[in-house]
1. For segment 17-150, compute Rh as the Kirkwood radius over C-alpha pairs and then the Stokes-Einstein diffusion coefficient at 37 °C and 0.692 mPa s; write the answer in µm²/s, rounded to an integer.
2. As an exercise, identify the GluC sites (Glu not before Pro) in segment 109-161 lying in DSSP coil whose Cβ has no more than 11 other Cβ atoms within 10 Å.
3. Under 15 Å Cα-Cα from residue 66, which aspartates and glutamates qualify once same-chain neighbours fewer than 8 residues away are excluded?
4. What per residue convex hull volume, in Å³, comes out for the chain when only alpha-carbon positions are used?
5. Amide H to amide H under 5 Å from residue 182: which residues, 5+ apart in sequence or cross-chain, H placed 1.01 Å off N in plane?
6. Given N residues in segment 92-180, what is Rg(Cα) / (2.2 N^0.38 Å)?
7. Quick one: which of 18/97; 56/97; 93/150; 62/222 span more than 32 angstrom between C-alpha atoms?
8. By count of other Cβ within 10 Å, fewest leading, how are 224, 116, 28 ordered?
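No lab work stands behind these numbers, since they all come straight from the coordinates. Fair warning: this is a prediction, and the values are worked out from it, not measured in the lab. Note: ideal-geometry Cβ built from the backbone for every residue, glycine included; neighbour counts use all protein chains shown.
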Amino acid sequence: MIILKLGGSALTVKDADKPTIDEVNLDRIAEEISDYNDDMVIVHGAGSYGHIYAKKYAIGEKITGKDENQFKIEGLSLTQASVQLLNYLVVNKLQEKGIPAIGFKPSSFIMTENKRIAVCDTTIVQRYVDEGFVPVLYGDAVLDLNDELKFAVISGDQLITYFARQLNADRVILSSDVDGIYTDNPKTNPDAKLIDIVTKDTKLLLTENENQADVTGGMAGKIRELLELAEYGIESLIINAEKEGNLRLAVSGEKVTGTLIK
Ligand code: IPE
C-alpha cells in the first residue's frame with residue numbers, strides 16, 4: 001500500500017490572501033496518480049484553504065479567556081469548513097480521472113492531545129482500502145484533549161506518519177513544491193544542494209518555520225515526522241509535484257529526483 005501526501009502548496013496558491021485552488025496543477029496531479037491502481041491512501045495539505053484561518057484564529061495556541069474561547073470556536077468552525085471544501089474539490093477531480101476516491105473528514109474521528117493524534121480509529125479507512133476505494137484525508141483543525149488548548153491543527157504529515165504505521169504502508173510519498181531536502185533553504189540560497197538520502201544522523205540546516213504561511217512547521221516539521229516513521233522501518237520519499245511526470249514515476253516505483261528518508 002502507498003500513502004501519498006499531496007502538499008497544500010502544490011494544490012493551492014499557498015500564499016494567496018484567500019483560499020485559492022491551483023486548478024492546472026490539481027488536474028495534472030490527479031491525472032498522474034490515475035495510472036496507479038493498487039492500494040492507496042491519499043492525504044492532502046490545506047494550503048491557502050487552511051493556513052489562513054488557522055493563523056488568523058491562532059488554532060492550537062493556549063486559550064486565555066472566555067472571549068478568546070468564543071473566537072477560537074468560530075475559527076475552528078470556519079477552518080474545518082474551508083479545508084473540507086478543498087477536500088471536496090480534490091475528491092471530485094480524482095473521480096473525474098477514474099479514481100474511486102472517498103473523502104474522510106479527519107476532525108470527525110480524530111482528536112489530539114497536545115497536538116499529537118490521541119484518538120483515531122483507522123478501521124473504516126482500512127476497510128475502504130480493502131474494498132478497492134481510495135480514501136482521501138487532509139490536514140484539519142481538530143479537538144485537543146488538553147483543556148488549555150482545546151483545539152489544534154493536525155498536518156497532513158502527522159496523518160501520514162500515523163496512518164502509515166497503523167495501516168502498515170509499504171511506501172510513503174510526500175509531494176510538495178520543492179525537489180526534496182536541501183543542505184540549506186533553496187528559495188534563499190542558490191548554493192543549496194539537494195540531499196539524496198536523509199537519516200537521523202544527517203546534519204541539516206533548518207529553521208523551525210521558514211515558511212511564514214505554514215502553521216504546521218514547514219519543512220522542519222515534515223522531516224521530524226518522517227524520521228519518526230523511518231524509526232519504525234517505513235521509508236519515505238519527498239518529491240516535487242509541480243514538475244510534470246514526477247508523481248507518475250514515484251507512484252509507479254520508478255526512479256525520480258527527490259530525497260529518500262530512511
Ligand atoms: C494544515 O495541513 C492544516 C490546516 C492548516 C488546517 P498541512 O500542514 O498538511 O498543509 P500544507 O501541506 O502545509 O498546506
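1. 206 µm²/s
2. 131, 148
3. Leaving aside aspartates and glutamates fewer than 8 places away in the same chain, those within reach of residue 66 are 74, 147, 148.
4. 118 Å³
5. Here 195 satisfy the definition.
6. Taking N as the residue count of segment 92-180, the ratio is 1.17.
7. 56/97; 93/150
8. By the 10 Å Cβ count, ascending, the order reads 116, 224, 28.
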